[in-house]
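Engineer: Sharing a structure with you now.
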Amino acid sequence: MRTVVCKGFEVPSLAMNLPLLKNYSIVGVFTGAWTERFPDEAARATNAVMAWVAEGKLRPRIDRVLPLDRVAEAMSAVADRTGACKGALCCR
């Protein structure tokens, strides 16, 4: 089992001419309220995302993998914002 923890981050800035010229869409998502209102749909969406990870369609960036006995170090990295993106605690 792995527990993935996301740390807070600064919202990056982006020159808007690139998405406009390439006809890209930029979408930001906050799922907290949606998950509370629609738990069944949220569970299905989570399962779909996890399936994509398992199939290799999505590859999350893992900053570090630590054993469970180093949970204090993992939590400090989250609190101090020293991790690049995500971390995983291995529970075996």
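The values are calculated or read from the model by the stated rules, or taken from the named source; none is laboratory data. These numbers were taken from a predicted model, which means no experiment stands behind them. Heads up, the Cβs are rebuilt from the backbone with ideal geometry, glycines too, and the neighbour counts pull from every protein chain shown.
Engineer: Give region 49-81 a look and list any residue that's more than 23 Å from Phe30 (Cα to Cα), outside any helix (DSSP H, G or I) and either among the hydrophobic types (A, V, I, L, M, F, W, C) or more than 14 Å from the chain's Cα centre (by Cα) (or both), or say none.
Structural biologist: Gly56, Val65, Leu66, Pro67
Engineer: To continue, here is another question. Could you list, in sequence order, the residues of region 31-48 that are surrounded by 12 or more Cβ atoms within 10 Å (Cβ to Cβ) and within 19 Å of the chain's Cα centre (by Cα)?
Structural biologist: Matches in region 31-48: Trp34, Thr35, Ala42, Ala45, Thr46.
Engineer: Might you let me know whether region 14-28 holds any residue that is modelled with pLDDT of 75 or more, over 15 Å from the mean Cα position of the chain (by Cα) and aromatic (Phe, Trp, Tyr)?
Structural biologist: yes
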